[in-house]
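Worksheet: the structure to be examined is printed underneath.
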Amino acid sequence: MTTTYDPRHPQYLDEADVRSELTRVYDLCHGCRRCLGLCSSFPSLFEMIGRHDERDAGLLTPAQQDRVIDECFHCKLCYVNCPYTPELHAWQLDFPRLMLRAEAMRHRTRQQPVRQRVTTQLLGRADLVGRAATTIAPIVNRLTGAPAGSLARRAIAVVTGVSSVRLLPPHARQRFSTWFSRRTSELAPKRQGKVTVFATCSVEYHDTRIGKDLVRVYEHNGIECANSRAGCCGALWLHAGDHEQFAKVAKRNVEILAEEVRRGGEIVVPQPTCGFVLKHDYPDYVDGPDAVLVAEHTYDAAEYLMKVHDAADTELDTDFVGTVPEHVTYHTACHLRAQNIGRNMGLPARDLMRLTGAEVELVQQCSGIDGMWGLRVGNEKLSIPLARQLGDRIVAAGAGAVAGDCDLANTAVAEQTGAKPSHPIQLFARAYGIPED
């Protein structure tokens, strides 16, 4: 049995070794149960172990082990709750990385269902799909925006493996990078920094307004912006187990991003999943110092602004002449919480919105999306109840303004409540009086 989370280790993809490590970790988790309420993986695990009088995880079949893997949607909240992580305990329990290892083993040994593999091959090519879809956005949006369960949506589900009953984000008619290349910079006279915007697929191809407001807020505060040449972060490949494809994407992006850092700009990311991948996954899959360089210079979009605000020689403009909501319900994205950044509880966007004078109420409930996991055919039984719980908590908060960093989680909120959540950067832009695009 090898306790390793290094994808380059010779035993990393060995099935017998992986399953032995699963047994070790499952036994530890069964004895702790601290993560019981995070997702369905742990209740399923504990129930299956409880069927045996010995309470021994070694009695689980491979199919039972795989059920736990299938129900994990890589929320990373184990990092927030687990007391036995490699940094804290000799047991070196890293459940999220173990799930990545197990999924990679199943991908290599072709144990994943054919439909799952086909869907991964399509969705993993996010840049190719995004460029094509934005070219014919009105047609694509009419199809993907058809009523849940309609003939059009069922046809899409058959072809792509994307659920026919989940609300999908529309594609933009103009990509963020196109807007960025044509825009006129309005940089404030007082220079306070320089960044490269890693826009992410969500901002590049879907809600480009987030990227536009980010650039305008940064320039309003004297922060020069460049747009990164790097493509999709590759999270879809990673979480689906195709770590070879992910490693190729990561290597290519690291080369580009490292050079952009060397030219003097920090990297800012407006989506939590992509920020987590750059900070925590790239160093695991790319040899050499460049991946570490990229990780050390990557910031969440709100995190960088709070860094400017807290520094001794820089400051944010706190003269808010625009619209400031009295109360904001803020959904704290799992992949942002797992990064543990900012001054308190790892929530820089909350601190940013509080600067405007708004009262911010936290809703800490996973949306169950994780990139595309919650939107895949077959995962609705688990993902929709999670989204419904999130929607219920948003409604119970009763605030007029709803905010969240994750665009896909915001789509789940819209699906369940009819609300139109904003990215915190967008609320900050409105507070400055920057008009909505």
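Below is a table of values for the structure above.
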| quantity | calculated |
| --- | --- |
| Some residue of the stretch 98-112 being over 29 Å from residue 25 (Cα atoms), outside the structural domain of residue 232 (by TED's automatic domain parsing) and acidic (Asp, Glu) | no |
| Exclusive hit being in the same structural domain as residue 211 (by TED's automatic domain parsing), closer than 19 Å to residue 97 by Cα, in a helix (DSSP H, G or I) and of a type in the set (Asp, Glu), set 281, 287 | 281 |
| Looking only at the stretch 98-128, and only at residues there that are without any contact (Cβ under 8 Å) to a residue 24 or more places away in the chain and not basic (Lys, Arg), the one that is nearest to residue 8 (Cα to Cα) | 121 |
| So residue 205, is it crowded, with 24+ Cβ neighbours inside 10 Å, in contact with a helix residue (DSSP H, G or I) (Cβ under 7 Å, 6 or more places away or on another chain) and in contact (Cβ under 8 Å) with a residue 40 or more places away in the chain | yes |
| Filter result (in a helix (DSSP H, G or I), free of Cβ contacts under 8 Å to residues at least 24 places away in the same chain and among the β-branched types (Val, Ile, Thr)) within the stretch 143-201 | 156, 158, 159, 178 |
| Contacts under 7 angstrom Cβ, first residue in the stretch 8-29 being among the β-branched types (Val, Ile, Thr), partner surrounded by fewer than 17 Cβ atoms within 10 Å (Cβ to Cβ), 6 or more apart | 23/58 |
| Number of positions in the stretch 129-138 that are out of contact with any helix residue (DSSP H, G or I) (no Cβ under 9 Å at 6 or more places or on another chain) and free of Cβ contacts under 8 Å to residues at least 12 places away in the same chain | 2 |
| From 299, 304, 285, residue being over 28 Å from residue 427 (Cβ atoms), buried (at least 17 other Cβ atoms within 10 Å of the Cβ) and under 23 Å from the mean Cα position of the chain (by Cα) | 285 |
| Qualifying residue in the stretch 314-323 (condition: under 19 Å from residue 405 (Cα atoms) and of a type in the set (Phe, Trp, Tyr)) | no |
| Pair list, Cβ < 8 Å and 6+ apart or interchain, from the stretch 414-435 residues that are more than 14 Å from residue 211 (Cβ to Cβ) to residues that are surrounded by fewer than 18 Cβ atoms within 10 Å (Cβ to Cβ) and among the aromatic types (Phe, Trp, Tyr) | 431/320; 432/320; 433/320 |
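The values are calculated or read from the model by the stated rules, or taken from the named source; none is laboratory data. Predicted model, so just to flag it, every value in this text is computed and none were measured. Neighbour counts run over all protein chains shown; Cβ positions are idealised from the backbone, glycine included.
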